[in-house]
Every structure is written in structure tokens, then in C-alpha cells.
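**Q** Provided herewith is a single structure, encoded as C-alpha cells, for subsequent inquiry.
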Amino acid sequence: MPEITIDGQKIEFNQGMTILEAARSKGGDLVPPTMCYYSKLKDTGGYCRTCIVKVEAESVKNPRALPKPVASCRTLAQDGMVVKNQTSPEVLEARAGVVEFLLINHPLDCPVCDQAGECSLQDLGYEHGKMDTRYEFKRREFEQRDIGDKIKLHMNRCILCYRCVKTAEQITDGRVHGVCSRGDVAEISTYIEQAIDNDFSGNVIDVCPVGALTDKTFRFKNRVWFTKPVDAHRECPKCSGKVRLWYKGEDILRVTARKDQYGEVEEWICNECRFEKKKTADWVIEGPSKVDKHSVISANHYLAPEMKNDLSMLILNPDAGNNPGSSPFSKEQE
Amino acid sequence: MKEGKKILLEHIDVPGIEKIETFRACGGYQSVEKALTSMTEAEVVHEVITSGLRGRGGAGFQTGTKWNFLAKPEGVPRYLVCNADESEPGTFKDRYLMEKIPHLLIEGMIVSSYALGVNKAYIYIRGEYFYLYKILEKAIEEAYKAGWLGQNILNTKYNLDLYMHIGAGAYICGEETALLESLEGKRGNPRIKPPFPAVAGLYGCPTVVNNVETIAAVPYIVNHGGENYASFGTEKSTGTKLISASGHINKPGVYEIELGLPVEEFIYSDSYCGGIRNGNELKAVVAGGSSVPILPKHLILQTPDGQPRLMSYESLSEGGFAAGTMLGSGGFIVMDETASIVMNLHTFARFYHHESCGQCSPCREGTGWMEKILHKILDGHGTLADIDLLWDIQSKIEGKTICALGDAAAWPVASAIRHFRSEFEAYIKDPMAINKISHYNEKYKIAGTAI
């Protein structure tokens, strides 16, 4: 079996896998973060550049280093390839640059954003970004728009990952939305303001890594970390019917597809399951969901333990030095 | 003084050369006769390899090698696409060639298509060249009538159809994969490589994309042989190249030079640029279209080790990015002592910001950011830290994007700061000083009050 070395660890892979897929087959810290790649869809990836890695040796046959960092989601793994991800300062520097680029025009309105708590950009920013911004100009602004009666498009937050475009292309019949304009004013758009009207359109909400596409039936209802995810299923003629219900007390606040540890949908669900079935009686409950993706929903581990002590006091809570009990991390410090 | 060899522009001044009869009388379409009746496809490719012809669009890749890479699976059509989306600022050589001598391009397309086993070829021309589209359409019509295109050309079994396609004015559509997307009727976004067009290009079929000037050089190579072509120019840069000279020189225009001509001679000789206007001092040169690094006088005239700098791929890039540049597409922009590098850079940055396709994040966000910072400096609100910030941003764009537009946007910024940092500092410290240069003073009323 061919073998690739990522961050010093040898991984066996199947011919035809990308560097990212090989890394994910092993798991752990050597997996590059992704924003636009989506394993459940074809032809995604390559746009956001967060998954870039350094190739130190291309293959057994051709052991030269590649001059530029490559997008691991789009580069095929080869036998004898040596890749550096976390262990290359150059990669980390470049990745920090990408995070900065993604954030300079992002509104950073996490406090009012429904995605907060399960947002890939939030995670990425905490893990690879800097503490402050060097951008001093007006951020670009778009009008909020409705895509159909159930989906809200908040273009200001969009990072143009193209996932929703690919979803619309690949799992719904007849794409009715795409990208208009170019450069930094490019925007996701339904052609001629036409509403998306088909049974699987709601999946664009799940694939969106940020809060650009949100569920209007859940909008402003609650913070995701106060809701409790429960796996459930039902007999659905259109889709698999396997969903995740998000409870607050007795009420189901929203229904989403189940997501794996990389925040990717396991099976697509139809709009009926997603938007119409919000009573416990509609579902067969399987049990509490395990949320693998490390984000604020599952754990409070944005900061490394040694950083929490000083940074949380300095930045997140200036008074913490005088009154340790008021720190957001006080529980863990005890 | 000796005139350099003219290959492409030899008959450019013959009256009526745009008509097929005149072109034919000057020896036009001979290469088609020769190739189709007496050479195999492989022999034509072999001649192009021997000639050492390099792509004239900017990257300078060996054309013969590119042709050799073309995959040839059974039962799958292959395509030749001519890239006439000439949009690099400072480059206008293809326009001149297509306007004056359109049949040369068509002749080149026929011979190249024959060599590659292509039966459908396309010319992708930028939308702003609509008048050239009409000229070329007329020429193609004439060629069809005369039997150079269509079924059974010259009574051989070879068929070729040639189509024109007009772009809609996007710089990015000059990038070969974005061009193919646009040609297929999609949004002009560059594709992620691999696969390269030689394997999966237009409609997923093997495709060769070549610049107008590259294709126009093929008839000569077929007529006179690759070795003859390689006898001109230098060892690694064979043949001739069209240079679009512009800026503060006495004689701007398109010149055909034998590669290996000293830069100093090109700028100061009366056969070419004719020296700097008003007898001014040379300040800087952008040697290959706006995206290549700008070089100050002492580095453009001489290489870092003191040799005279020549107009060739290898001599211009001597010194790497620290002290060299690239021949690129041959857009030779000359600036005299009155030019402001800061203003010039802002113009370039604005261009790349406007033309970024928005697909990958470093280019989409970074180009706009750099332009905003430069605008701020121009408005007189810059700080010295902005120079370092600019440097940092360009280093995070370069080499991290899908296509070369990111690099093209980063290099001018990097080189301007590398070679002219003091000018940025001076501008930031005293923005009013720019008003002392009369031609800027008339155009912009800059410092003090923001415009």
C-alpha cells in the first residue's frame, strides 16, 4: 500500500486519495482545517486556501520539494510524499494570513449570529487567527435577502466557499442560485430573485460554514449551546429521515442533518423533515447526539490551558485579575 | 546600424496585406501547403520543438513541450484554442498583429491544428477588441472561400473548422483555464490544476491554449525549419519577440526584436524606443507587462553582476526576484524621473483589485486591501507602518492562490517596495511634494484634502 508522511507520521492510503483525505483517515492534529472542502460533494475545495500544506518531497520517483504550498484538499497523495502541516512555520504563517483575509470583510457579528457556537470560521479564527485586526477600512456590506420563505441569506458573513452552490448543483434538480459579480463584491445570488423551491434546498443551511445561510424557522430563537441535540429518525418517503433535533426544554427549536466530526452532513435531509416536523411525536428518538466537532457547543477549549490563565484575564475579562471568580473560565480554573 | 530579423512583421507594411490575395502573394499559406502535403503531424511538432519557441503570452513555457504533453486518447476530440484575450496592462502586440496581418494568425492556426490533430479550433478574443473580431471574421471567411479552412483542405483528408469567440472584458479570462470556462459558456473562474488542459481542457477534452504571437510564429518555423528559427535570438530565448513599448519614450509602439538585444539599445536606439522623452533621465522600467517586478535604472540596464542586461527570458530574470524581473508578455513600460512609483503602483493595484475573480480568499480580499492602503497613502493619510503592512499582505498572497493573478498582483507591490522604499517613505512624510510634479498636479489635487 502506498504511504504518505504527514507531520512525521506515516499513513497508508488508497491510490486516488487527496492529502487531506489521507490525513483524515488518520485523524488528529495533523488534519488541516477546511472551510470550503466538503467530502460529501464533488468538486469542492481549493477556494479558501486554509488547508494549504507544504510538500517537502513529491513522491518516491520525484523527491523534490514543491516551490509553493498546495491546497491539500485538491492535491493527490503520492507514494513517498512528505507533507508538513502543523510542523511547518511557513504553513502556519500562511494559514494565519488566510484567516486574516477571510476576516477582514467579515462583520464579526457573532453575538447576534445564529451560527455562533457551531461556526467553522469562529473555530478557525480562534485556532489560527490573531487577536486583533490590522484592517482599518469599511467592511463591505450587502442587503440581507430571503432565499425562499425558509432561508435567510446574510451575504456580509459569506466567505464564498461555493459549498451551497455545489449543493444546489448536485443534490437539487436545476440550480437556481449561483455567484454574481466578481472579486471582493462577488455574492451568492438566486437568479432574478427567484426563490429556491425544491425539496432539498434546506441543505444549503447545513453546508454553510458560517452564518451566511440560516434557518428562518430558528432565527434568533436561541443560542445553539443552550439547545440539546438529540438524534432521531422517521419514515420519510423523500429522504433517509435521519436527523438531529435541537431541544430547548420540551420544544424542538430546529431540525438539522447529522454532522460528523468535521462538521459535514452525514446524510442529506428533505425540507419537510427540516422545516415542518417540529413535534416530538413526529420522531422516533434514538438518544442524545455526540457532537465530535470541537466547538463551543461541546467544550470550552478555544484556548490552550496555559493561555487561558493569562489571556482570559487580559483580554476577555479585564477585571479578572482582581476578581478571579468572574472569569468566563473560572470553573476550569478551579 | 543593423536591423534585427523580422519574422512576424516582415510584410506588415505591404498595402492590402489584410486581404488574402496580397497575403498569398507575399508567401502566405505556404506553410499550410508544405505541412499538409509533405510533412507528418509529428514532423511539424518536431520542428517546433527544435525551434525552441517559447510561449509569448507571459509564462514563456516551451511550446513544443506543451504540444508534446497533449494527451491523445482514441475517439476523443482535441482542441486548439488561441488566447487573444490580451489584457495585461502595457501589452498591445497581439492587437497590432491581428489588426494588420490577420491571415498570419489563421495560417498559424491551421498549421498548429494540423500538427496537433485538431479539427475544431477556437480564437478567444477579448470583448474590447470587437473591431478586430470583425477583421478576423472577414479573414476567416476569405480563408474558407479559398479552401484553406473547411473540409478536405488542399484535397487532403484534413478538415478544420475555425471559430471566433468574444469575451466580455475580464482580465481573468486570459488565464488559460478561466478562458476555457468562459468558452464553455460558464463564469470565467480559473480551474484548479491538475488536471491541466493538455489532459482535460475544453469540454473535458485535451486542449492546447497558445498565445496569438506564439501561433503566428509557427508558419515561419514550418517554412524555414526549426533550426533556422533557433539561429535567431539567444540559446534559451530563440527567435524574435514583439515588444509593446509605452511610457515616457520618444517612440512608443510595437517593435519586433531579435531576443538578446541589449535593453539599453532597445531604449535609446532610434530604431526602437528612441530614448526618453524631453531628454529626461530614465527612472524605472516594467519590462514585461504590469504584473512583472519593476526595476530601477541601474538594474534594468545591467544585471547584478555588471553584465549588460539583454531582452531575453534568461537575462531579464537574472538576479531572481531580488534584482531581476521577467520578459512576460513583452509590455515594456518606461518611466522617467517625473514618474511617481507610488501613483503607478496604486494604478496597478486598482487594476488587480478590479479584475480578481473572487474565487480564492487571498486574492479576493488581499488585492482590495492593498489598493485601499495605497489609496490611503495617496490621500496623504499613510503611515510608515503601512509600507510593512503592504509587504506582509503581498507575501501572503504570492504563491497561495489558484491561478497566477495572485502572484501578478503581489509582484508589483513587492518590487516597488523593494527598490523604491525611500520613495514611499518620502511620499508619506510629505504628501504635498507630489504637487511639484506638474503632470500630477493637473490631474489629481491630492494631499491636504482627501479627494
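Derivation of every value follows stated rules applied to the coordinates shown; laboratory data play no part. Just so it is clear, the model here is predicted, and its values are computed rather than measured. Note: ideal-geometry Cβ built from the backbone for every residue, glycine included; neighbour counts use all protein chains shown.
**Q** Could you calculate the FRET efficiency of B:Phe321 with A:Cys236 from 1/(1 + (r/R0)^6), where r is the beta carbon distance between them and R0 is 60 Å, rounded to 0.05?
**A** Efficiency, rounded to the nearest 0.05: 0.55.
**Q** Below 8 Å, C-alpha to C-alpha, sequence gap of six or more: please give me the relative contact order for chain B in percent.
**A** 15 percent
**Q** Amide H neighbours of A:Asp231 under 5 Å, at least 5 residues apart or on other chains, H built in the peptide plane: list them.
**A** Those qualifying (amide H under 5 Å, at least 5 residues apart or on another chain) are A:Leu245, A:Glu286, A:Gly287, A:Ser289.
**Q** While we're here: Any lysines with Cα under 29 Å of the B:Lys138 Cα? List them, leaving off those in the same chain fewer than 8 positions away.
**A** B:Lys6, B:Lys19, B:Lys34, B:Lys93, B:Lys100, B:Lys120, B:Lys157, B:Lys186, B:Lys241
**Q** Place a point 7 Å from Cα of A:Thr280 in the direction of its Cβ. Which residues in segment A:227-247 have their backbone N less than 18 Å from it?
**A** So the set is A:227-234, A:243-247.
**Q** With θ taken as phi - 60° and the coefficients 6.51, -1.76 and 1.60, list the Karplus ³J(HN,Hα) couplings across segment B:200-211 in order, rounded to whole Hz; mark glycine and proline as x.
**A** In residue order, the calculated couplings are 9, x, 5, 6, x, 9, x, 9, 10, 10, 10, 6 Hz.
**Q** Please list the non-local residues whose amide H lies under 5 Å from the amide H of A:Ile6, H modeled 1.01 Å from N, same-chain partners needing a gap of 5 or more.
**A** Amide H neighbours of A:Ile6: A:Ile11, A:Val83.
**Q** Right, another one. Can you pull the mean other chain C-beta count within 10 Å for peptide A:137-145?
**A** That average works out to 1.
**Q** Compute the distance in nm between two label points, each set 7 Å from the Cα along the Cα-to-Cβ direction, one at A:Phe137 and one at B:Glu33.
**A** 5.9 nm
**Q** Report the convex hull volume per residue for chain B, counting only C-alpha atoms, in Å³. Kindly include the intermediate steps, with their values, before the conclusion.
**A** Values: hull volume 64.0 nm³, N = 451.
Spelled out: Cα convex hull of chain B, divided by residues, is 142 Å³.
**Q** Taking every residue in A:154-167, how many Cβ atoms of other protein chains lie within 10 Å of its Cβ, on average?
**A** Averaged over the peptide's residues, the number is 1.
**Q** OK, next. If you take each beta carbon of peptide A:67-73 and count the beta carbons of other chains within 10 angstrom, what is the mean?
**A** The shielding value for this peptide is 2.
**Q** Can you tally the net charge around B:Ile17? Count Lys and Arg as +1, Asp and Glu as -1, for every other residue whose Cβ sits under 13 Å from the Cβ of B:Ile17.
**A** Around B:Ile17, the surrounding residues sum to -4.
**Q** For the protein assembly as shown, give me the percentage of DSSP beta bridges that are antiparallel, rounded to the nearest 5 percent.
**A** Just about 70 percent of them are antiparallel.
**Q** Tell me, what is the percent relative contact order of segment A:3-99, built from C-alpha pairs under 8 Å that lie six or more residues apart? Before the final figure, lay out the partial values.
**A** Values: 191 pairs, mean separation 32.6, N = 97.
This gives 34 percent for segment A:3-99.
**Q** What FRET efficiency comes out for A:Asp260 versus B:Asn228 if R0 is 56 angstrom and r is the Cβ-Cβ distance? Round to the nearest 0.05.
**A** In this case the efficiency is close to 0.30.
**Q** P(r) for segment A:3-99: what percent of alpha-carbon pairs falls in each 5 Å bin, starting at zero?
**A** Answer for segment A:3-99: a P(r) of 3, 16, 27, 27, 19, 8, 1 percent.
**Q** Let me ask another. Going by average Cβ neighbours within 10 Å, how do the peptides B:41-51, B:144-154, B:374-384, B:360-370 rank, with the highest at the top? Provide the component values of the computation, followed by the final result.
**A** Numbers: B:41-51: 19.5, B:144-154: 15.0, B:374-384: 17.9, B:360-370: 28.3.
Averaged packing, sorted descending, gives the order B:360-370, B:41-51, B:374-384, B:144-154.
**Q** Okay, which of segment A:113-137 sit inside 13 Å, backbone N to the point 7 Å along the Cα-Cβ direction of B:His381?
**A** A:136-137
**Q** Shifting gears a bit: Pop the C-beta distance of B:Asp270 and B:Lys19 into the FRET formula with R0 = 25 Å and round what comes out to the nearest 0.05.
**A** For B:Asp270 and B:Lys19, the calculated efficiency is 0.20.
**Q** How big is the equivalent ellipsoid of the protein assembly as shown along its three axes, where each semi-axis is √(5λ) from the Cα gyration tensor, reported in whole Å from largest to smallest?
**A** One finds semi-axes of 51, 34, 24 Å for the protein assembly as shown.
**Q** Just grab the label-to-label distance for B:Thr40 and A:Ser25, each label 7 Å out from Cα along the Cβ direction, in nm (one decimal).
**A** Output for this residue pair reads 4.3 nm.
**Q** Testing the spin-label approximation: label points 7 Å from Cα along Cα→Cβ at A:Asp146 and B:Met432. State their distance in nm.
**A** 5.7 nm
**Q** Next up: Expected output is a single nm value to one decimal: the length gained when fully extending between B:Ile135 and B:Gln151, i.e. 0.36 nm times separation in residues minus the C-alpha distance. What is it?
**A** Between B:Ile135 and B:Gln151, full extension yields an extra 3.5 nm.
**Q** How big is the gap, in Å, between the Cα center of segment B:145-219 and the Cα center of segment A:136-179?
**A** Each part reduced to its Cα centre gives a spacing of 32 Å.
**Q** Using a 10 Å cut-off on Cβ atoms, rank the peptides B:289-301, B:11-23 from the highest mean neighbour count down.
**A** B:289-301, B:11-23
**Q** Starting from the Kirkwood radius over alpha-carbon pairs of segment B:118-226, derive D by Stokes-Einstein at 25 °C in a medium of 0.890 mPa s and give it in µm² s⁻¹.
**A** Numbers: Rh = 15.4 Å.
It diffuses with D of about 160 µm²/s by this estimate.
**Q** Ok, one more. Determine the sum of side-chain charges near B:Arg350: Lys and Arg each +1, Asp and Glu each -1, restricted to other residues whose C-beta is under 11 angstrom from that of B:Arg350.
**A** Around B:Arg350, the charge tally is -1.
**Q** Also, quick follow-up: Please list, in chain and number order, the residues 5+ apart from B:Ile249 or on another chain whose amide H is under 5 Å from its amide H, with Hs placed from the backbone.
**A** Hits under the 5 Å cutoff: B:Arg277.
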